[in-house]
Amino acid sequence: MLKIRNLHARVDDKEILKGIDLDVGLGEVHAVMGPNGSGKSTLAQVLAGREDYEVTAGEVEFGGEDLLEMPPEDRAREGIFMAFQYPVEIPGVSNTYFLKAALNAIRKHQGLEEMDAIDFLKLVRAKMKLVNMDEALLNRPVNDGFSGGEKKRNEIFHMAVLEPRLAVLDETDSGLDIDALKIVSEGVNTMRSADRSFVVITHYQRILNYIEPDFVHVLVDGRIARSGGKDLALELEDKGYAWLDPKTAGTAAAAVMA
Amino acid sequence: MPAVKERSPFVEAYESFDKSLGSQGEAVKRLRREGLEVFEEIGLPSKRQEEWRKTNVAALGSTSFRRASGGTSGLTPEKIRPFLLPDCIDLVFVNGRFSAELSRPGALPEGVFAGSLADAMARHADLVEPLLGHYADGKHPFVALNTAHIEDGAFIHVPRGVAVEKTIHLLFLGTTEGGEAVVSYPRNLFVAGQSSQLTVVESYCGFGDERYFHCPVTEIVGEANSVLDHYRLGQESLGAYHVATQKIHLERDTNFFTHSINHGGALVRNDIQAMLDGEGIHCTLNGLYLARGAQHVDHQMRVDHAKPNCHSYELFKGILEDRARAVFNGRIYVHQDAQKTDAKQSNRNLLLSKDALVHSNPQLEIFADDVRCTHGSTTGHLDDEAVFYLRSRGIGEEAARSLLTYSFAGEVLDEIRLEAVRKDLEEFLFTRLPKGNIVRQAV
């Protein structure tokens, strides 16, 4: 589904991704962990098409197509969804109507008929339950005045309505209390299916108690330093990231990477 | 009369005008003469004057504007229909003069007058004369010019305790006469009596890029405890000059709201001055201006807090494209007696192109020591992060930018209480913004 090969990216003059290789198969859940500044969020932004990041080398293939060639909206229309670490407030634009416009843009691109107001409302009500969303948040402007937890839930709600083929969650768990974390995780778990993949980017192991990953990757200094199963996350929780960082762990890390 | 070195074409035109008016009262004639004298003395402002530094009106002096001769210039009810508002009493003025045939009058509560100033000066001189010219700053060059030419405009008088439920819509159409550029000087006076209520919309409209000069002055008096909801819609032709002054005089416990919306005109200058001359006043002055091409739009605000315990709120937003220019000068003046003043002023501008330019200058002058006053000004481009957020949900770039532009305007839109005006403005934005159909769906 998603193939990343030797991906290099920089912002301004700073190289942040220094050769990422990652394969995400259909229906798989991959967790990407790593310390601050390791490039986790950059990876998410590059996948979603943020133009501030310049890809200097490498390839990304999504469903057999060259992802890097597509503008962000086409990536979304092809089925990529990124849940933002910091969802943006858009005053004056209704959460529901905006989502309807987004869904219809995606459906149109996929050759489907646009959804009318009645069917859309049915869909929205069903998905709302998924993330335990307060109906009031539907009628408010997008993220406007939402609490941190509400914003993250709203991201999962958007994901649930747009039904992407690949969802990239950029630190959706950061800053959430345990109730909100459970709601977000349940939302994701309900969405898991044989034809939908997830990349869960996180700083903390905690969310992986609720969303069980098939694979865990550790990103250090712009490269995947280690990949493994879900046990790797537990190991990281115990040992921290330092032992994987060549700058801090010296030869030990070099041995691991070899 | 002082000798003048160079006679302004505006003054030349005056002489024939003055002779043409035989029958009006002495008080109005005196007012006109005073206006002329002031204008002859000070003339058109130059860029050396502080408040005219960023707006060059020299073109006005060098263009020959004929005084509008009257008549409806071939306008038909059909042609003006797009400018009418639903469920309103529409009073229509063509080049400053009331047109009974184009107007759509409606029933008003007893004792309320809403109609032509010329008519009111003839029939209700007792109501008009004590107040006309009493509030507007007679030393302002364009107020003086307008005063010199007082002939017609709108007069509204709401007696004490009366609530006018229907909105009164004053539609001022500017148009050429036989292809020639004309100048007109609508003169308006609205008086809301004690504990009365009034909603009034002033629209200034034109067609295509016709060239004309609209120079209105509006004096608004809110007597104690009155509630006034006022709108000003600037939809002049793209070739029009519009230089307007509004003077708002408020007595104690009034609730006053005004919204100035502008997207028309080649050069638009709007001086809005509010005098809060009593305690317990709530005064809201909001605005939204959109300019593109080479349009120039200038708002000069002045709010005077003369008495304690008053609130004033100002929110002006601008959206500029191409080489458009905007000027915003906001001054809040808190007099020594005006303790417990709560004054807030904000001017925010969105630039959609590299070449658009804004001069924004909010100012506070405070002579009382127990007040809460804030002012702020921002000018910026669309937030890239927000554009990306919308695109990442499948919305195309153009639509994303339009949605955010609409969102920027939304703060002003939301405060518009009169649905007819709000809907009209929403519709305008959907039409104006690229991919507006997506914006329409998404808000």
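The values are calculated or read from the model by the stated rules, or taken from the named source; none is laboratory data. All figures in this text were calculated on a predicted structure; none of them were measured in a lab. Neighbour counts are summed over all protein chains in view; Cβ atoms, including those assigned to glycine, are modelled from backbone coordinates with ideal geometry.
Looking at region B:276-296, which of its residues are within 12 Å of B:H311 (Cα to Cα), surrounded by 21 or more Cβ atoms within 10 Å (Cβ to Cβ) and within 18 Å of the chain's Cα centre (by Cα)?
Those that are within 12 Å of B:H311 (Cα to Cα), surrounded by 21 or more Cβ atoms within 10 Å (Cβ to Cβ) and within 18 Å of the chain's Cα centre (by Cα): B:C283, B:L285.
Could you tell me which of the residues B:N349, B:N329 is of a type outside the set (F, W, Y) and touching a residue at least 60 places away in the same chain (Cβ under 8 Å)? I'd like the intermediate steps shown before the answer.
Numbers: B:N349 fails: touching a residue at least 60 places away in the same chain (Cβ under 8 Å).
The conditions single out B:N329.
Could you list, in sequence order, all residues of region A:160-197 that are within 25 Å of A:D134 (Cβ to Cβ) and either touching a Pro at 6+ places or on another chain (Cβ under 8 Å) or acidic (D, E) (or both)? Walk me through it before giving the result.
In the first step, residues of region A:160-197 are kept if they are within 25 Å of A:D134 (Cβ to Cβ); the result is A:160-164, A:167, A:169-192.
Selection gives A:E163, A:D170, A:E171, A:D173, A:D177, A:D179, A:E186.
For A:E163, indicate whether it is within 13 Å of another protein chain (Cβ to nearest Cβ), surrounded by 15 or more Cβ atoms within 10 Å (Cβ to Cβ), touching a strand residue (DSSP E or B) at 6+ places or on another chain (Cβ under 9 Å) and at positive phi.
Numbers: within 13 Å of another protein chain (Cβ to nearest Cβ): yes; surrounded by 15 or more Cβ atoms within 10 Å (Cβ to Cβ): yes; touching a strand residue (DSSP E or B) at 6+ places or on another chain (Cβ under 9 Å): yes; at positive phi: yes.
For A:E163, the condition - within 13 Å of another protein chain (Cβ to nearest Cβ), surrounded by 15 or more Cβ atoms within 10 Å (Cβ to Cβ), touching a strand residue (DSSP E or B) at 6+ places or on another chain (Cβ under 9 Å) and at positive phi - is met.
Considering only residues that are aliphatic (A, V, I, L, M) and touching a Gly at 6+ places or on another chain (Cβ under 7 Å), which ones fall in region B:352-393?
The answer is B:V358, and nothing else.
For region B:98-111, indicate whether the set of residues that are under 15 Å from B:L189 (Cα atoms) and not in a strand (DSSP E or B) is non-empty. Outline the logic, then answer.
Keep residues of region B:98-111 that are under 15 Å from B:L189 (Cα atoms), which gives B:98.
The next check asks that each one be not in a strand (DSSP E or B); those that pass are none.
The answer is no; no qualifying residue exists.
Just checking, how many residues over region A:189-225 are in a loop (DSSP other than H, G, I, E, B) and hydrophobic (A, V, I, L, M, F, W, C)?
Selection size over region A:189-225: 2.
Are any residues in region A:91-113 in contact with a helix residue (DSSP H, G or I) (Cβ under 9 Å, 6 or more places away or on another chain) and loosely packed, with under 15 Cβ neighbours inside 10 Å, and if so, which ones?
A:K108, A:Q110, A:L112, A:E113
Can you list residue pairs whose Cβ atoms sit under 6 Å apart, with the first residue in region B:370-385 being within 14 Å of another protein chain (Cβ to nearest Cβ) and the second being of a type outside the set (S, T, N, Q)? Count only pairs 6 or more apart in sequence or on different chains.
Within 6 Å, the pairs are B:L382/B:R401; B:L382/B:L404; B:E385/A:V88.
In region B:76-97, how many are buried (at least 18 other Cβ atoms within 10 Å of the Cβ) and not in a loop (DSSP other than H, G, I, E, B)?
Adding up the residues that qualify gives 10.
Among (1) part of a loop (DSSP other than H, G, I, E, B); (2) farther than 26 Å from B:F408 by Cβ, there is one condition A:E51 misses while meeting the rest; what is its number?
(2)
Looking only at residues that are more than 7 Å from chain B (Cβ to nearest Cβ) and of a type in the set (A, V, I, L, M, F, W, C) in region A:91-110, which one is farthest from A:H158 (Cα to Cα)?
Residue satisfying both the conditions and the ranking: A:L103.
Which one of these does A:V88 not meet: (1) buried (at least 22 other Cβ atoms within 10 Å of the Cβ); (2) at the interface with another protein chain (Cβ under 7 Å from one of its Cβ atoms); (3) under 24 Å from A:I16 (Cβ atoms)?
Going through the list (1) buried (at least 22 other Cβ atoms within 10 Å of the Cβ); (2) at the interface with another protein chain (Cβ under 7 Å from one of its Cβ atoms); (3) under 24 Å from A:I16 (Cβ atoms), A:V88 breaks only (1).
For the structure I just gave you, tell me whether B:R401 is buried (at least 16 other Cβ atoms within 10 Å of the Cβ) and within 30 Å of A:E114 (Cβ to Cβ).
When the stated conditions are applied, B:R401 passes them.
Working only within region B:413-434, note down all residues that are among the charged types (D, E, K, R) and more than 10 Å from chain A (Cβ to nearest Cβ).
Of the residues in region B:413-434, the ones among the charged types (D, E, K, R) are B:414-415, B:417, B:419, B:422-424, B:426-427, B:432.
Within region B:413-434, B:E415, B:R417, B:E419, B:R422, B:K423, B:D424, B:E426, B:E427, B:R432 qualify.
How do the pairs read when you match residues in region A:46-75 that are more than 11 Å from every other protein chain (Cβ to nearest Cβ) and crowded, with 18+ Cβ neighbours inside 10 Å with residues anywhere that are of a type in the set (K, R) and in a helix (DSSP H, G or I), using Cβ under 8 Å and keeping only pairs 6 or more apart or on different chains?
Hits for this filter: A:F62/A:R75; A:L67/A:R75.
Which residue pairs have Cβ atoms closer than 6 Å, lie 6 or more positions apart in sequence or on different chains, and pair a first residue in region A:83-98 that is at positive phi with a second residue that is part of a helix (DSSP H, G or I)?
Once the first residue is at positive phi and sits in region A:83-98, its partners that are part of a helix (DSSP H, G or I) give A:G92/B:S407; A:G92/B:G410.
Would a scan of region A:24-33 turn up a residue that is over 16 Å from the mean Cα position of the chain (by Cα), in a loop (DSSP other than H, G, I, E, B) and surrounded by 15 or more Cβ atoms within 10 Å (Cβ to Cβ)?
Checked against the condition, which is being over 16 Å from the mean Cα position of the chain (by Cα), in a loop (DSSP other than H, G, I, E, B) and surrounded by 15 or more Cβ atoms within 10 Å (Cβ to Cβ), region A:24-33 yields no hits at all.
On the basis of being assigned by TED's automatic domain parsing to the domain that holds B:N188, within 17 Å of B:G318 (Cβ to Cβ) and touching a residue at least 60 places away in the same chain (Cβ under 8 Å), does B:E219 make the cut?
No, not satisfied.
Picking from A:E150, A:E186, which residue would you name as being assigned to a helix (DSSP H, G or I), surrounded by fewer than 21 Cβ atoms within 10 Å (Cβ to Cβ) and free of Cβ contacts under 8 Å to residues at least 24 places away in the same chain?
Of the residues listed, the single one that is assigned to a helix (DSSP H, G or I), surrounded by fewer than 21 Cβ atoms within 10 Å (Cβ to Cβ) and free of Cβ contacts under 8 Å to residues at least 24 places away in the same chain is A:E150.
Name the residue, out of B:L364, B:L350, B:L390, B:L404, that is touching a His at 6+ places or on another chain (Cβ under 8 Å) and within 14 Å of chain A (Cβ to nearest Cβ).
B:L350
Condition test on B:F113, is it surrounded by 21 or more Cβ atoms within 10 Å (Cβ to Cβ), modelled with pLDDT of 95 or more and aromatic (F, W, Y)?
Answer is no for this residue.
Select, from B:G410, B:G396, the only residue that is at pLDDT below 95 and within 7 Å of chain A (Cβ to nearest Cβ).
B:G410
What about A:F120, is it among the hydrophobic types (A, V, I, L, M, F, W, C), more than 7 Å from chain B (Cβ to nearest Cβ), outside any loop (DSSP other than H, G, I, E, B) and under 30 Å from A:V46 (Cβ atoms)?
Against the criterion (among the hydrophobic types (A, V, I, L, M, F, W, C), more than 7 Å from chain B (Cβ to nearest Cβ), outside any loop (DSSP other than H, G, I, E, B) and under 30 Å from A:V46 (Cβ atoms)), A:F120 does not qualify.
Would you tally the residues in region B:227-250 being in contact (Cβ under 8 Å) with a residue 40 or more places away in the chain and outside any strand (DSSP E or B)?
Of the residues in that region, 4 qualify.
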